[in-house]
Amino acid sequence: ASPSQTYRTSYHFQPPKNWMNDPNGPTVYKGLYHLFYQYNPLGPDWGNIVWAHSTSKDLINWNPHKAAIFPSQKGDVNGCWSGSTTMLRGENPAILYTGIDPKNQQVQNLAVPRNLSDPYLIEWVKSPYNPLMTPTPENKINSSSFRDPTTAWLGPDGRWRVIVGNKLNRRGKALLYRSKDFVRWTKAQHPLYSIQGTGMWECPDFYPVSSSPIGLDTSTIGEGVKHVLKVSLDDTKHDQYAIGTYAHSKDVFVPNAGAAEKFSGLRYDYGKFYASKTFYDSLKKRRILWGWINESLSREDYIAQGWSGVQAIPRLIWLDKSGKQLVQWPISEIETLRQKKVGYPRTQLKSGSTVEVQGIKAAQADVDVSFQVASQLEQVDAFDPSWTDPQLLCSQKGASVRGGTGPFGLKVLASKDLQEYTAVFFRIFKAQNKYVVLMCSDQSRSSLNEKPDKTTYGAFLDVDPLHEELSLRSLIDHSIVESFGGKGKACITSRVYPTKALGNEARLYVFNYGKANVAISSMNAWTMKNASINRKN
Ligand code: DQQ
């Protein structure tokens, strides 16, 4: 393959070439899924941003269309940045997005379909009233930190609400606007929520959840409904969230105790995953999460390959039974790409062993493995309570550092001689009165090429290894590994650039480098078919 094609994916969403970043305005209309995305039509680097557009019947295979929103008005001459779709009454989609005006100020604009009988929604018309929300000295909004309107929700008083990301000095804010007609918007006195010291909140998202995979429409309020506020922290490039309550009489978000201090705790994904956005899929009554995964290559190298960025596989998202965190799982449609399966019966994975999973195409695969360690916890290492940063812990205790129980897990995108591999694994510790499970994705050996960023990622996984299995599912696709631990309680996505473990040379292994044996209670692996993604007919 030519260098530009080496790291392209076979079933992840990407345009045929050029730069892509945030997913925008995902929705479903007349049975068709729509994805818009931040795109540079002129090259592989960020710039000249338009809303590119694709549609799909299954969220897996996508057809490209012409750009839906591109600079054409005063309110967006310098770029059409991120935003969201809202379904107005009677199935009327409306897009709110950020435009960059002639003075390079960030303003919010409205666009609606030209022809509602076209399920592809090819043509979009901008409101003659644009811009609808602007920064002014009176409203004290900083014109370079005012962007990314959310999907709006309808209050019991018949008024729409939307939030827009903002910061004032170091205070991150979710500014709240209200409107009766979706055109005239008034800024509320108070933001929906704000936190001192976080820096800019990009791409906020605000939506109701319940502890069942059945999703809720964005305007749902009531008994037993919790709300999630997600922000993309510009300073750290992490998507963090808090769970709480939407006090709709006051129009404020009240996070659960301890849930939101500086958004320091919960992340959708502990690897690469940014500027994400959910939407309510009214066809299948579920909430779906899209997120952007950027390159770990140097700028020089992604420019040389002629493209940059992929979208993560859409994930179902819901509230965990504990109420303390969200759970994510690849949408079931992805399983239609599963082709050749290899299954393993229950086996022992002896201390020190590395076993190849043969019979699949390991460069594009779906692997689901469960481990049992309950009877193997005598030698477990002690947990030091000062270890509060799982990423740091994973980088200190990588795949080649022997422990009592663990590391054990998968070596993916591995070369035959194991000179190259990405290790996704668990390690167990004993804290005072509970076990601590660490999940890591160690990229340090992922490529013989020195240049890509190989930061190790890590997360604590809220699973009790004494009573529960430890499951790990990884979606492997040439240069992406998306891993789901504990049935979706912790997700870690990484980008890797093997030089040997390419195409048919890639291998998959299951390994145990801990002192204790562990049991594999089940393991299935599938070759994944290519999806048809944005191919011009
Ligand atoms: N990307 C967009 C902005 C947003 C940022 C510009 C997040 O609207 O804040 O391409 O990645």
- Determine whether ASN109 is outside any loop (DSSP other than H, G, I, E, B), within 30 Å of ALA362 (Cα to Cα) and within 16 Å of the ligand (Cβ to nearest atom). no
- Picked from region 34-63 (must be hydroxyl-bearing (Ser, Thr, Tyr) and without any contact (Cβ under 8 Å) to a residue 40 or more places away in the chain), the residue surrounded by the most Cβ atoms within 10 Å (Cβ to Cβ) is TYR39
- Subset of region 73-111 (residues that are out of contact with any Phe, Trp or Tyr (no Cβ under 8 Å at 6 or more places or on another chain), within 16 Å of THR134 (Cα to Cα) and small (Gly, Ala, Ser)): GLY75, GLY79
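Rundown of residues vs (1) farther than 16 Å from ARG184 by Cβ; (2) β-branched (Val, Ile, Thr); (3) within 16 Å of the ligand (Cβ to nearest atom), yes/no style:
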{"site": "TRP124", "(1), (2), (3)": "yes, no, no"}
{"site": "TYR129", "(1), (2), (3)": "no, no, no"}
{"site": "GLY158", "(1), (2), (3)": "no, no, no"}
{"site": "LYS167", "(1), (2), (3)": "yes, no, yes"}
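If you check TRP46 against the conditions, is it within 16 Å of the ligand (Cβ to nearest atom), assigned by TED's automatic domain parsing to the domain that holds ASP205 and over 15 Å from ASP148 (Cα atoms)? Working first, answer last.
Values: within 16 Å of the ligand (Cβ to nearest atom): yes; assigned by TED's automatic domain parsing to the domain that holds ASP205: yes; over 15 Å from ASP148 (Cα atoms): yes.
Yes, satisfied.
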- Kindly establish whether GLY485 is closer than 21 Å to THR456 by Cβ, buried (at least 23 other Cβ atoms within 10 Å of the Cβ) and under 16 Å from the mean Cα position of the chain (by Cα). yes
- Some residue of region 300-311 being crowded, with 19+ Cβ neighbours inside 10 Å and assigned to a loop (DSSP other than H, G, I, E, B): yes
- Unique residue being over 19 Å from HIS53 (Cβ atoms) and assigned to a loop (DSSP other than H, G, I, E, B) when the list is TYR120, TYR129, TYR177: TYR129
- Query: Is one or more of the residues making up region 159-166 surrounded by fewer than 21 Cβ atoms within 10 Å (Cβ to Cβ), in a loop (DSSP other than H, G, I, E, B) and touching a residue at least 60 places away in the same chain (Cβ under 8 Å)?
  - Reply: no
- GLY291: outside any loop (DSSP other than H, G, I, E, B), of a type outside the set (Ser, Thr, Tyr) and within 16 Å of the ligand (Cβ to nearest atom), yes or no? yes
- Enumerate the pairs (first residue in region 74-91 and at pLDDT 95 or above; second residue anywhere and of a type in the set (Lys, Arg) and within 9 Å of the ligand (Cβ to nearest atom)) with beta-carbon separation below 7 Å, excluding pairs fewer than 6 apart on the same chain, so at least 6 apart or on different chains. TRP81/ARG147; SER82/ARG147
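Can you tell me how many residues in region 55-94 are of a type in the set (S, T, N, Q), in a loop (DSSP other than H, G, I, E, B) and more than 16 Å from the ligand (Cβ to nearest atom)?
Going through region 55-94 one residue at a time, the tally reaches 3.
The values are calculated or read from the model by the stated rules, or taken from the named source; none is laboratory data. Keep in mind that this is a model prediction, so the values were computed, not measured. Ideal geometry is used to build each Cβ from the backbone, glycine not excepted, and the neighbour counts take in all protein chains shown.
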